[in-house]
Amino acid sequence: MAAPVTGGTWTWLLWGAVALAVLLAVGWLLSYTAVWLDRLHHRMQATAAALDAQLVRRAEATLELALTGDLDPATSTLLAGAASEALAMPGPWSPDRARTESGLTEVLRAVDPALAVIGQDGVVRGVPGVPEAALDATSGGAEHGEALGSDGAQEALARLRAAAVRVRYARRFHNEAVEDVLRLRRRPDVRWLRLAGRSREPQPVTFDDGWPVDAVD
């Protein structure tokens, strides 16, 4: 006959079952955390790609506007130079790339008075510091309420403004994704168990995207 199970044996069996349950729970939690971290990294990579795409569209739209022939030579040269520099700076984010993108924004902000008279909505807009007579001379005698610039220039400016606004939102979404990754990576269990592996901590993307000014949040 089998020996009867004593109270001490039942205690050990109970503690063994508890320990096994704890180990299983911890294993499941770590597995879930690793999968969650991996998904957050993939989301961050997707938002980074989206930001890159919007920056390329902004630079291309700037170059397109510069080549319409509706702007004065100095403005066209500034826009074309800044846009070409931005298009030549692809790849991972670096201080140089951030300065390049900020430089394009600064140029757009500086030439905004010249862009305003194109009248993307078909209305001649006032230009700070430029008298009405000068606007009339620039328009070749166009009546107020008549858009300046060719249809191509107006469409290019509309595309540029839309692309610039999308850049701002894409950077915001990307930085939110970065913050989510950093928040999880900085948890003690993730750090101690090195669930993030040897990958470097991501950093938020920071550059001046404050153009168009009337669309800044």
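Of all the listed residues (Thr105, Thr75, Thr9, Thr47), the sole one being assigned to a helix (DSSP H, G or I) and closer than 30 Å to Arg191 by Cβ is Thr47.
Considering each residue of region 176-192 in turn, at least one proves to be of a type in the set (Asp, Glu) and within 20 Å of Ser94 (Cα to Cα). Just to be sure, is Thr105 under 22 Å from Thr206 (Cα atoms), polar (S, T, N, Q) and in contact (Cβ under 8 Å) with a residue 12 or more places away in the chain? So Thr105 fits the description; yes.
Yes/no per residue for (1) at positive phi; (2) at pLDDT 85 or above; (3) surrounded by 19 or more Cβ atoms within 10 Å (Cβ to Cβ):
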| residue | (1), (2), (3) |
| --- | --- |
| Thr75 | no, yes, no |
| Ala88 | no, yes, no |
| Gly126 | no, no, no |
| Gly129 | yes, no, no |
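Restrict the check to region 176-196 and report whether at least one residue is closer than 20 Å to Asp96 by Cβ and crowded, with 17+ Cβ neighbours inside 10 Å. Yes, some residue in region 176-196 is closer than 20 Å to Asp96 by Cβ and crowded, with 17+ Cβ neighbours inside 10 Å.
The values are calculated or read from the model by the stated rules, or taken from the named source; none is laboratory data. This one's a predicted model, so the numbers in the text were calculated from it and none came from an experiment. Ideal geometry is used to build each Cβ from the backbone, glycine not excepted, and the neighbour counts take in all protein chains shown.
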